[in-house]
1. Quick one: Debye curve from the C-alpha atoms of the chain, no solvent, what's log10 I(q)/I(0) at q = 0.10, 0.11, 0.15, 0.16 Å⁻¹?
2. Got a sec? How would S76, S232, S201 order by Cβ neighbour count within 10 Å, fewest to most?
3. Binned at 5 Å from 0, what are the whole-percent values of the Cα-Cα distance distribution for the stretch 7-106, short to long?
4. Give me the percent relative contact order of the stretch 42-106, please, defined on Cα pairs under 8 angstrom at least 6 residues apart.
5. Taking neighbour counts of Cβ atoms within 10 Å as a proxy for exposure, in what order, fewest first, do E142, E196 appear?
6. If the convex hull of the alpha-carbon atoms of the stretch 225-287 is projected onto planes in all directions, what is the mean projected area in square nanometres?
7. How much net charge surrounds L230 when only other residues with a Cβ under 14 Å from its Cβ are counted (Lys, Arg +1; Asp, Glu -1)?
8. How many angstrom separate the Cα center of the stretch 1-57 from the Cα center of the stretch 170-216?
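Any read-out appearing in this document is the output of simple, stated calculations on the displayed coordinates, not a laboratory observation. Just so it is clear, the model here is predicted, and its values are computed rather than measured. Here the Cβ positions follow ideal geometry from the backbone for every residue, glycine too, while neighbour counts run over all protein chains shown.
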Amino acid sequence: MTFWTDLLQAMLQTALSPTTAAFVIAAIGLNIHFGFTGLMNIGQAGFMLVGGYGFVISVMSGLGVFPALLISILASVAFGLLLGIPTLKLRGDYLAIVTIGAAEIIRMVARLANLSPITGGPSGIQSPQFREGLNALSPLPEGRTAFLGLEYINTGVDDWWTRILSWGLVALFLLITWLLMRSPWGRVLRGIREDEDAVRSLGKSPFSYKMQALIIGGVMGGFGGIIMALPSAINPDGMGRATTFNLWMIMLLGGAATILGPLLGSILFFVLRLVITSFASEFVPAEVLNAQQTEIVSWILIGLMLMLLVIFRPQGILGNKKELSFNV
């Protein structure tokens with residue numbers, strides 16, 4: 001009975017984790033890119049790196065939280081412009097190749113030893129300093145609080161305040177996305193996804209709308225990078241190709257072109273990994289599968305599940321097949 005109780009508690013911890021919230025936020029941005037606009041962005045991790053480093057470096061340089069957030073947003077916008085101006089006329093696979101290349105350029109630049117005084121090089125930046133300003137904004141009293149069987153300090157490193165901020169941003173960006181997609185602007189994005197030439201014939205500029213979508217989704221990715229850094233560390237390899245592929249898996253699992261798809265997909269993605277590893281650790285002898293092998297098996301099973309999902313339900317769990325298919 002202890003195993004099941006511990007598993008349920010671990011599932012709840014994972015679902016409420018700031019890391020899960022960070023992936024939800026970045027997946028919401030990716031959903032604006034691909035789900036609603038049809039942009040094959042395989043470089044969302046690049047926006048996360050730019051946003052995260054923009055915030056961390058600004059705070060470490062002595063700026064306050066709000067100026068650092070502004071610099072992070074501006075950095076994401078600048079990266080979106082640099083990426084979008086020469087590439088948004090590309091379609092499909094060509095845009096995917098360019099975006100993944102751009103994200104890798106950002107990662108490799110952050111890893112440069114010559115930039116270690118600024119970015120920390122391959123080791124990244126590890127310091128509690130860049131979360132002190134956010135902790136100072138916490139309205140929560142000192143001490144610890146238990147809720148739903150979980151107990152954390154109110155304000156600190158692994159705390160309730162970070163969770164409130166993270167999931168508050170998730171709620172905000174979900175609301176923004178819902179409002180945008182119900183507006184005429186959102187309907188134009190859907191039109192671009194379905195038939196760009198038809199939108200152009202109506203006097204709209206697909207390039208302009210795609211650029212706006214790229215920047216808005218990229219800024220959301222930047223906020224995801226900030227949340228990823230809040231436990232007091234940011235590392236260029238922590239937001240590499242695997243992060244982007246995980247974001248795509250999350251979006252497709254929950255359902256592209258849906259409002260709540262990134263939220264459901266992210267929670268299921270992390271909880272499924274936890275359940276698989278927990279069952280393997282509990283019921284499979286260590287002689288058969290050690291901890292490292294269990295982790296590998298969990299990724300294999302999740303990959304198989306995604307393959308089956310794309311084959312038998314390509315619109316995802318919440319998606320509408322009539323609205324979105326993968327061959328448009």
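1. Log10 of I(q)/I(0), two decimals: -0.60, -0.73, -1.29, -1.42.
2. S201, S232, S76
3. 3, 12, 18, 21, 16, 13, 10, 6, 2, 0
4. 50 percent
5. Final ranking by Cβ density, sparse to dense: E142, E196.
6. So the mean shadow area of the Cα hull is 6.1 nm².
7. Here the count lands on -1.
8. What the calculation gives is 22 Å, centre to centre.
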